[in-house]
1. Taking only Cα atoms, what is the 0 to 90° angle, nearest 10, from helix 88-98's long axis to the longest principal axis of the chain?
2. In the Gaussian network model of the chain, springs joining C-alpha atoms below 10 Å, which of 81, 38, 94 carries the largest mean-square fluctuation?
3. With charges set only on the Cβ (+1 for Lys and Arg, -1 for Asp and Glu), what does the dipole of segment 44-104 come to about its Cα centre, in debye to the nearest 20?
4. Using the Cα atoms of segment 31-111 to build a convex hull, what is its mean projected area in square nanometres?
5. Using unit Cβ charges (K, R positive; D, E negative) and no other charged atoms, how large, in debye to the nearest 20, is the dipole of the chain about its Cα centre?
6. With each run of n ≥ 4 DSSP H residues scored as -39500 (n - 2.57), what mean residue ellipticity at 222 nm is computed for the chain after dividing by its residue count and rounding to the nearest 500 deg cm²/dmol?
7. Going toward the positive end of the dipole of the chain, with +1 on Lys and Arg Cβ and -1 on Asp and Glu Cβ, which of 91, 53, 104 do you reach last?
8. Let me check against my output: what whole-number percent is the relative contact order of the chain, with C-alpha pairs under 8 Å and at least 6 apart?
Amino acid sequence: MKAIVDGLRYDTERADEIGRIGGQAVASDVEHHGPSVWSEALYMTPAGRFFLSGYGAKGTRWFRQSAPENRNTQGGQEVGWAIRALEEDHAQAWVEKYCSVDVYEQLWDAEDA
C-alpha cells in the first residue's frame with residue numbers, strides 16, 4: 001500500500017515492518033456492523049520515518065480513517081485501509097506496548113532500572 005501524507009510517500013513494500021497487531025471491534029460496533037476485524041502494522045521507511053498501515057471493517061477506526069477510494073466490499077462487508085505517519089516518540093510507545101524487548105532494543109537504547 002502507498003499513501004502521500006504531508007507531501008511524503010509512505011509505501012509498505014519499501015519499508016521494514018516492525019510489528020503487527022489486530023483484533024475485533026468492541027461489542028457495540030459489532031452489533032451495528034457485524035464482526036468488525038482490524039489489523040495494523042508499524043513500519044519504518046529507509047529514511048527512518050515511522051508509519052502505521054491499518055485495515056479494518058466498518059465500525060473500526062481504520063475504516064473511519066480510510067478515504068472512499070480505499071474502501072471495498074469483502075465477504076459482504078465493507079472494509080477500508082489507511083496509512084498514518086507517526087512521530088518517533090509515538091512509534092517508540094507503540095513498540096514498547098506491542099513488541100518484544102528485542103525489537104525495542106534493535107531500534108532504541110534502554111537503560112537498566
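Computed from the coordinates by the stated procedures, all read-outs in this text should not be read as laboratory data. Everything quoted here is computed from the prediction, not taken from an experiment. As a convention, Cβ positions derive from the backbone with ideal geometry for all residues, glycine included, and neighbour counts pool all protein chains shown.
1. 70
2. 94
3. Dipole magnitude for segment 44-104 comes out near 320 debye.
4. In nm², the orientation-averaged hull projection of segment 31-111 is 6.9.
5. Approximately 760 debye in magnitude.
6. So the helix-based figure for the chain works out to -7000 deg cm²/dmol.
7. Farthest towards the positive pole: 53.
8. 21
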